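Notes for the one structure printed next.
The values are calculated or read from the model by the stated rules, or taken from the named source; none is laboratory data. This one's a predicted model, so the numbers in the text were calculated from it and none came from an experiment. Ideal geometry is used to build each Cβ from the backbone, glycine not excepted, and the neighbour counts take in all protein chains shown.
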Amino acid sequence: MENENFKVLNLYACLGGNRYKWENCDVTAVELDPELARLYQERFPNDKVIIADAHQYLIDNYQEYDFIWSSPPCPSHSRARYWGFGVNGKQPVYPDMKLYEEIIFLQNHAKGKYCVENVIPYYEPLIPAQKRGRHLYWTNFNIPNVLSNRKDNGLVQESKLDALGQYHDYDFRKYKGSQRILKIARNLVDFEAGKTVFNTARGIIESQNTNQTVMF
């Protein structure tokens, strides 16, 4: 049964890779792609799904949640794109600074716990983060050194759609939208990593609440 007392905001929700193993919480998911939002709702029927700009939704609603997860788009930061400059006419682009806008905003205004997740960039990160595997995590709490013991065996690099579907426990061919299916599959967060981060944040919050109850 969902616990409506623990409110979670899941931004850039995609297909809910990070959310897959979250339990006993009231989740609001924000996704701009209507087809992804539809499939997310199908996968998590108890979540509230909003088709909107996650970046704007965060600043308008951040105070309402105990835990916020944000996974802003990563292509403009990725090493893979940087290494591909000049190949097949691919040109350099400005890094999308919404990533750092959200980190700075949450660092200074978030009342609850938060996690901003992204790829390791081709440049030195402008704000220090906790590196775990091939990802960086900006949080206001310490996360475990190992977030998941699952091994993708190079699937992300090899782009094997069926194998990625098995790894993430999802049939990506359900998606009928305009984005490349492989891109969606490769960018999905390992659900065990998402579970570890979520459970760590929740444990800290519940411990703090228990201590406050004892004090007063």
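Any idea how many residues of segment 21-42 are part of a helix (DSSP H, G or I) and within 16 Å of the chain's Cα centre (by Cα)?
Pass one, segment 21-42, residues part of a helix (DSSP H, G or I): 34-42.
Right, trim to within 16 Å of the chain's Cα centre (by Cα) and you get 36-37, 40.
Counting residues in segment 21-42 that are part of a helix (DSSP H, G or I) and within 16 Å of the chain's Cα centre (by Cα) gives 3.
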- For segment 127-134, does any single residue satisfy the condition of being in a loop (DSSP other than H, G, I, E, B), surrounded by 12 or more Cβ atoms within 10 Å (Cβ to Cβ), modelled with pLDDT of 95 or more and out of contact with any strand residue (DSSP E or B) (no Cβ under 8 Å at 6 or more places or on another chain)? no
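Tally up the residues in segment 43-69 that are under 24 Å from residue 97 (Cα atoms) and not in a helix (DSSP H, G or I), please. I'd like the intermediate steps shown before the answer.
Keep residues of segment 43-69 that are under 24 Å from residue 97 (Cα atoms), which gives 50-63, 65, 67-69.
Next, only the ones that are not in a helix (DSSP H, G or I) stay: 50-53, 65, 67-69.
Counting residues in segment 43-69 that are under 24 Å from residue 97 (Cα atoms) and not in a helix (DSSP H, G or I) gives 8.
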- Could you figure out which of (1) of a type outside the set (Val, Ile, Thr); (2) closer than 22 Å to residue 135 by Cβ; (3) in a helix (DSSP H, G or I); (4) at pLDDT below 95 isn't true of residue 73? (3)
- Query: Which residue out of 137, 123 is part of a loop (DSSP other than H, G, I, E, B) and either aromatic (Phe, Trp, Tyr) or within 14 Å of the chain's Cα centre (by Cα) (or both)?
  - Reply: 123
- Query: Mind checking which pairs have a first residue in segment 97-110 that is more than 15 Å from residue 69 (Cβ to Cβ) and a second that is assigned to a helix (DSSP H, G or I), Cβ under 7 Å, 6 or more apart or different chains?
  - Reply: 98/55; 109/62
- Report yes if some residue within segment 86-96 is closer than 23 Å to residue 196 by Cβ, under 17 Å from the mean Cα position of the chain (by Cα) and part of a loop (DSSP other than H, G, I, E, B); otherwise report no. no
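State which residue is nearest to residue 206 (Cα to Cα) when the search covers only segment 7-20 and only residues that are of a type outside the set (Lys, Arg) and assigned to a strand (DSSP E or B). Walk me through it before giving the result.
Here is the first cut: in segment 7-20, the ones of a type outside the set (Lys, Arg) are 8-18, 20.
From the residues that got through so far, the ones that are assigned to a strand (DSSP E or B) too are 8-11.
Values: 8: 14, 9: 17, 10: 19, 11: 22 Å.
So, considering only residues that are of a type outside the set (Lys, Arg) and assigned to a strand (DSSP E or B), the one nearest to residue 206 (Cα to Cα) is 8.
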